[in-house]
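Working notes, beginning with the structure itself.
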Amino acid sequence: MAVTTTLTWNEERSLQKLLGNVSLRLLYKSSVHGNNIQNMNNKCIGQGPTITMIYLPEYTFGIFILGHYPEMGKNFKEPNNSFFFSFQKNETMKMTTAFLNSTLEITSEDLRFDFAKFQSLYILPRSEKICIPEFLEEELGLTSDLSCRYSECEVFRVEGIKDDAGYISRITEATQHRNSLLEDLRDYKPYADLVSEIRILLLGPVGSGKSSFFNSVKSIFQGRLTRQAIVGSDITSITEQYRIYSIKYGIDGESLPFKLCDSMGLGEKEGVGLCVDDIPHILKGCMPDRYQFSPHKPITPKHPAFITSPSLKDGIHCVAYVFDINSMDSLSFAMRAKLIQVQKEVLNHGVAQVALLTKVKNSNEVLENNFSKMSKSMISQSQIIIASELLGVPISKIFVVENYASEREMDPVKDILILSALKQMLRAADDFLEDLPLE
């Protein structure tokens, strides 16, 4: 008879997002195989990387072990690459992780993880009890007394994971950094409450990744891949309407105080792509959502939906020029001339400007190990220098991302690039608001 796991679908999905495209195979379940350390060891020894789940009244506690379970009575003399995590049993289902080195030993009574400073974590199957050291409770943000009985213990084999300690460390640290960025953006408020929401305009050539950037941002905040904006090719622009997209935190959550405004792609020739004369109307906030672009003529005040008296909240507070990083070296003279024309309009309105380079080939090489800034090798690339010189945008205002395109799973490193770029756009918008003349 098949053994059913207590692990929820949401918990399993969170672990798959953390570890990559892995699958979990149940090896041991205490209520089925017995609350006996020998039975547990027999089921798990020699199985490779594992996850041990402890189900408690208020939390689910877990331990990932990269190496094998040790034999009874033999411990790992060298620190084992493990990480510890917890799921809150409430509506948030928040996952918290702690990457710690420990030595592991199985005795006839317990499974023990020894940390520095003589602190240990114990799992005692016979009494169905777990004892977590205070420092680990604090690191995982656990408030209740977890030296208590558990309702179930399960051990899973992790299949399809890279057998690399450095990878585990980086992916867990990336997840923590991604979660921190998400919280910062969730709590963001526009400068001095001058407006209720920030509007960021995405401008760039056809196929540069403007709509894909919006889809990627929305996917991260919803925790699943979504493609609301239709994406075109490198040749033909699909975006024919002006769209003002709101972003919600979670599928049914509240709208966040910023919107991404998607425009038609810029074409090289006159009469192709976004009409440059539309840009001043977009910047002022005169153009309504879902306005149908015409490459040959701009919107006029005679249009029935034209916003004749836009307020500060209706206008654009930051312009993000979006380019395919792989095309920066080959921008035509006509496209460069059009970009200069576009930038002149933006400068006339005093709006904040940044640049977004999409379609980077390896997002893992963009950031330094602490995820706080771009690597020196990335900054020195010719595409970034070209973008800075062409647009007059300092390198500190140029961001590199890899949008979600055909992927089926989300990647915390990609998320960091996208969320960091968004956070810097909002900072640029705040600078614009702060610099406005006092009335």
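Some observations on this one:
- Computed from the alpha carbon atoms alone, the convex hull of the chain holds 164 Å³ per residue.
- Per-residue ellipticity at 222 nm, computed for the chain from helices alone with -39500 (n - 2.57) per DSSP H run of at least four residues, works out to -8500 deg cm²/dmol.
- Just checking the listed ones, Ala405, Ala116, Ala421: in the Gaussian network model of the chain with Cα springs under 10 Å, the one fluctuating most is Ala116.
- The apolar share of the surface of the range 307-439, taken as the fraction of accessible area on carbon and sulfur atoms (1.4 Å probe, ligands and nucleic acids excluded), comes to 52 percent.
- Accessible area of the range 9-166 belonging to carbon and sulfur atoms, whole % at 1.4 Å probe: 46
- Build a GNM of the chain with springs between Cα atoms under 10 Å apart, and of Leu201, Leu18, Leu140 the one that fluctuates most is Leu140.
- Full extension of the chain segment joining Phe306 with Ser396 gains 28.8 nm, where the gain is 0.36 nm per residue of separation less the Cα-Cα distance.
- For Ile198, the residues whose modelled amide H falls within less than 5 Å of its own, excluding neighbours fewer than 5 places apart on the same chain, are Phe258, Lys259.
- At least 24 Å along the helix axis (C-alpha) and Kyte average at least -0.5, DSSP helices within the chain: 333-349, 412-434
- Taking Ala192, Ala174, Ala387 in turn, the Gaussian network model of the chain (Cα-Cα springs below 10 Å) assigns the largest fluctuation to Ala192.
- Using only side-chain charges placed at the Cβ, +1 for Lys and Arg and -1 for Asp and Glu, the dipole size of the chain relative to its Cα centre rounds to 860 debye.
- Taking a sphere under 14 Å around the Cβ of Arg199 and counting the other residues whose Cβ falls inside, with K and R at +1 and D and E at -1, yields a net charge of -1.
- Most simply put, the chain has about 75% antiparallel DSSP beta bridges, counting only bridges with both residues inside it.
- Residues whose amide H falls under 5 Å from that of Ser120, counting only those 5 or more places apart or on a different chain, are Phe115, with hydrogens built in the peptide plane.
- Segment Ser388-Arg427, length gained on full extension (0.36 nm per residue, minus Cα span): 12.2 nm
- Residues of the range 191-435: accessible area per residue with a 1.4 Å probe, Å²: 44
- Only Lys, Arg, Asp and Glu carry charge here, each on its Cβ (+1 for the first two, -1 for the last two); on that basis the range 9-166 has a dipole of about 360 debye about its Cα centre.
- The stretch between Glu12 and Lys94, if pulled fully straight at 0.36 nm per residue, gains 28.2 nm over its current Cα-Cα span.
- R0 of 51 Å, Cβ-Cβ distance Lys269-Asn101: FRET efficiency to nearest 0.05: 0.25
- Under 5 Å from the amide H of Gly67 lie the amide H atoms of Asn81, each residue being 5 or more positions distant or on a separate chain, with H modelled from the backbone and absent for Pro and chain starts.
- The range 191-435: mean projected area of Cα convex hull, nm²: 13.0
- Hull volume in cubic angstrom per residue (convex hull over the Cα atoms of the range 357-439): 122
The values are calculated or read from the model by the stated rules, or taken from the named source; none is laboratory data. Please read these numbers as outputs of a predicted model, since none were measured by experiment. Here Cβ is always computed from backbone atoms with ideal geometry, including for glycine, and neighbour counts include all displayed protein chains. Ligands, DNA and RNA are excluded from the accessible area calculation, which covers all protein heavy atoms including side chains. Shrake-Rupley method; radii C 1.70, N 1.55, O 1.52, S 1.80 Å.
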